[in-house]
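**Student:** Handing you this structure, nothing more for now.
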Amino acid sequence: MTTTRLVAVGDAPELAALLVANRDFLAPWEPFRPAEFFTPDGQAAYLEEVLRLTAAGSAVPHVILDEDGRICGRITLSGIVRGPSLSADLGYWVAEQANGKGRASAAVAHICRLAFGELGLHRVEAGVQPHNAASQRVLHRNGFQRYGLAPRYLHIDGEWRDHVLFQLLSDD
């Protein structure tokens, strides 16, 4: 069974190794990252920063764990907005060997329960490239509805890429 937990700075070496092993697999979907990002020190710096955002209430970064408790991906609620919006953006990835096993779907379900329960959010949004059918299936399985298209939304793999926008509301 797949679970998630809050990231820890101590996850840096395992995450760095996973990112290096999956660099080509993730390249079509992830923004460009400098070489330092793929090192244990680079991951530690990234995790320290995202945990500062967590302490400030604007992010919830989790690692995705496989049935043996090993990290097989990451899932994050970011850009958390309070006030009348009560919303967050969702991003996630799983390693190639974890792909197609329901781990991303289970992680999205878990993080959405956290978003709508403990965090009291109203809306979670996710953007997916139009040709990323697997990620769109993950969102559909979790009740997300397509609501738009963001042209040239993110710079990925050397180009500005369109993204299909999905949302899940707390009362859906």
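**Student:** Identify, by number, the condition in (1) touching a Gly at 6+ places or on another chain (Cβ under 8 Å); (2) under 21 Å from ASN132 (Cβ atoms); (3) at pLDDT 95 or above that THR2 doesn't meet.
**Tutor:** Exception for THR2: condition (3).
**Student:** Considering every residue within segment 132-152, establish whether at least one is within 14 Å of the chain's Cα centre (by Cα), at pLDDT 95 or above, surrounded by 20 or more Cβ atoms within 10 Å (Cβ to Cβ) and among the aliphatic types (A, V, I, L, M).
**Tutor:** Yes: one or more hits.
**Student:** Which ranges mark the strands (runs of 3 or more DSSP E) fully within segment 120-172 that have 1 or more residues being in contact with a Cys (Cβ under 7 Å, 6 or more places away or on another chain)?
**Tutor:** 123-128, 159-169
**Student:** Does any residue in segment 51-68 that is on the phi > 0 side of the Ramachandran plot come within less than 9 Å, Cβ to Cβ, of a residue that is of a type in the set (Val, Ile, Thr) six or more places away or on a different chain, and which pairs are these?
**Tutor:** If the second residue must be of a type in the set (Val, Ile, Thr), the pairs left are GLY57/ILE80.
**Student:** Mind counting the residues in segment 93-119 that are farther than 16 Å from ILE80 by Cβ, in a helix (DSSP H, G or I) and not hydrophobic (A, V, I, L, M, F, W, C)?
**Tutor:** Within segment 93-119, residues that are farther than 16 Å from ILE80 by Cβ, in a helix (DSSP H, G or I) and not hydrophobic (A, V, I, L, M, F, W, C) number 5.
**Student:** Just to check your reading of the model, which residue among LEU168, LEU114 is over 27 Å from ARG33 (Cβ atoms), open to solvent by less than 50 Å² (accessible area, probe 1.4 Å) and at pLDDT 95 or above?
**Tutor:** When all the criteria are applied, what remains is LEU168.
Rundown of residues vs (1) modelled with pLDDT of 95 or more; (2) outside any strand (DSSP E or B); (3) open to solvent by 60 Å² or more (accessible area, probe 1.4 Å); (4) among the polar types (S, T, N, Q), yes/no style:
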{"site": "ASP11", "(1), (2), (3), (4)": "yes, yes, no, no"}
{"site": "ALA16", "(1), (2), (3), (4)": "yes, yes, no, no"}
{"site": "ASP24", "(1), (2), (3), (4)": "no, yes, yes, no"}
{"site": "ARG33", "(1), (2), (3), (4)": "no, yes, yes, no"}
{"site": "ASP41", "(1), (2), (3), (4)": "yes, yes, yes, no"}
{"site": "ALA44", "(1), (2), (3), (4)": "yes, yes, no, no"}
{"site": "LEU47", "(1), (2), (3), (4)": "yes, yes, no, no"}
{"site": "LEU51", "(1), (2), (3), (4)": "yes, yes, no, no"}
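**Student:** Go through segment 53-70 residue by residue and tally those that are open to solvent by 10 Å² or more (accessible area, probe 1.4 Å) and hydrophobic (A, V, I, L, M, F, W, C).
**Tutor:** Within segment 53-70, residues that are open to solvent by 10 Å² or more (accessible area, probe 1.4 Å) and hydrophobic (A, V, I, L, M, F, W, C) number 5.
For (1) over 28 Å from LEU19 (Cα atoms); (2) not charged (D, E, K, R), each residue gets a yes or a no:
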{"position": "ILE75", "(1), (2)": "no, yes"}
{"position": "PRO84", "(1), (2)": "yes, yes"}
{"position": "ALA95", "(1), (2)": "no, yes"}
{"position": "ALA104", "(1), (2)": "no, yes"}
{"position": "GLY148", "(1), (2)": "yes, yes"}
{"position": "ARG152", "(1), (2)": "no, no"}
{"position": "ASP157", "(1), (2)": "no, no"}
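**Student:** Examine segment 85-102 for a residue that is over 20 Å from LEU53 (Cβ atoms), open to solvent by less than 20 Å² (accessible area, probe 1.4 Å), at pLDDT 95 or above and within 15 Å of the chain's Cα centre (by Cα), and state whether such a residue exists.
**Tutor:** Yes, some residue in segment 85-102 is over 20 Å from LEU53 (Cβ atoms), open to solvent by less than 20 Å² (accessible area, probe 1.4 Å), at pLDDT 95 or above and within 15 Å of the chain's Cα centre (by Cα).
The values are calculated or read from the model by the stated rules, or taken from the named source; none is laboratory data. This structure is a prediction, so every number in the text was calculated from the model and none was measured. Glycine also receives a Cβ, built like all others from the backbone with ideal geometry; neighbour counts cover every protein chain displayed. For the accessible areas, the whole protein counts, side chains as well, though only heavy atoms, and no ligand, DNA or RNA atoms are used. Shrake-Rupley method; radii C 1.70, N 1.55, O 1.52, S 1.80 Å.
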